[in-house]
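Taking it in order: structure first as structure tokens, then the write-up.
The values are calculated or read from the model by the stated rules, or taken from the named source; none is laboratory data. In this text the structure is predicted, and so the values were computed from the model without any measurement. Surface accessibility is based on the protein's heavy atoms, side chains included, excluding ligands, DNA and RNA. Shrake-Rupley method; radii C 1.70, N 1.55, O 1.52, S 1.80 Å.
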Amino acid sequence: MLSRVEAPLSEETCSDCVFCGRDHSCRCTFHDAYQARQALLWAGEIDAAQDVLGKVTASNLQEDIRLLAELRQSCAEQKYNEAVRLRDRIDQMGGLGVRWHVAQVVGDSEGADALPRSFDSTEGLPHLLQYMIG
């Protein structure tokens, strides 16, 4: 789902590495920053996750992944109208995997279950298999 970005974080994007706290000689990537922000949310460190969110949204990660990070932050901050707006944007442009994650984040298990069902056919099986094998 998340594609690893091989280039390290650059000074144009952040002042310190948001993942390890060192200068930019480290090899941390935007993917690492995304994961660090996730861990902060899971730990209940909502303000700290907000600080890292700007680094993620300014990154070169896929747009739907950056929007997913914003949606998770909105949910953590109980900004549900913003989360609905972000879900609508992601649903219009995001891939199946990201749309499934979004449905899970907002508690729409029926919607999440329905997404892969659209490929429950002989023609759709190769597309569905990439999520089962991947």
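Quick look at the values:
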{"read-out": "By accessible area with a 1.4 Å probe, ligands and nucleic acids excluded, highest first: order of ARG87, ARG117", "value": "ARG117, ARG87"}
{"read-out": "Global geometry of the range 55-102, whether rounded, prolate or oblate, following the gyration tensor of its Cα atoms and the 1.5 cut on a/c", "value": "oblate"}
{"read-out": "Accessible-area value, VAL84, 1.4 Å probe, nucleic acids and ligands omitted, Å²", "value": "90 Å²"}
{"read-out": "List GLU77, GLU63, GLU110, ordered by accessible area with a 1.4 Å probe, largest first", "value": "GLU110, GLU63, GLU77"}
